Amino acid sequence: MSLYVVQFMKDVLGNNGRHSEVCQGVLEIYALDVGEATESAKQQFCENQALHHWSLHADRIEVSRLS
């Protein structure tokens with residue numbers, strides 16, 4: 001199994017009228033591959049945030065393999 005860092009990112013419009021991205025959450029997940037890490041992170045993010053779907057708080061997911 002490998003360790004993955006999964007970030008949930010959201011695009012927001014700042015007070016200055018410019019777009020920026022905000023990290024809504026970061027999870028470290030042990031998984032066999034990127035797909036498994038992504039699905040596991042989605043489920044855990046929803047449980048942590050009391051959401052029905054991860055996309056209610058994020059626009060995209062970034063996954064990086066650490067080991």
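The values are calculated or read from the model by the stated rules, or taken from the named source; none is laboratory data. This structure is a prediction, so every number in the text was calculated from the model and none was measured. FYI the Cβ positions are ideal-geometry reconstructions off the backbone, even for glycines, and counts take in every protein chain you see. Heads up: the accessible areas ignore ligands, DNA and RNA and are worked out on the full protein's heavy atoms, side chains in. Shrake-Rupley method; radii C 1.70, N 1.55, O 1.52, S 1.80 Å.
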Kindly evaluate Ser55 against the criterion of being among the hydroxyl-bearing types (Ser, Thr, Tyr), outside any helix (DSSP H, G or I) and either in contact (Cβ under 8 Å) with a residue 12 or more places away in the chain or surrounded by fewer than 15 Cβ atoms within 10 Å (Cβ to Cβ) (or both). no
Out of curiosity, is Glu36 at pLDDT 95 or above, charged (D, E, K, R) and closer than 14 Å to Ile61 by Cβ? yes
For the stretch 2-36, what are the residues that are of a type in the set (Val, Ile, Thr), open to solvent by 60 Å² or more (accessible area, probe 1.4 Å) and in a strand (DSSP E or B)? Val26
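Quick check on Ile61: is it in a strand (DSSP E or B), touching a residue at least 24 places away in the same chain (Cβ under 8 Å), surrounded by 15 or more Cβ atoms within 10 Å (Cβ to Cβ) and within 10 Å of the chain's Cα centre (by Cα)?
Yes; evaluated as a whole, the condition is true for this residue.
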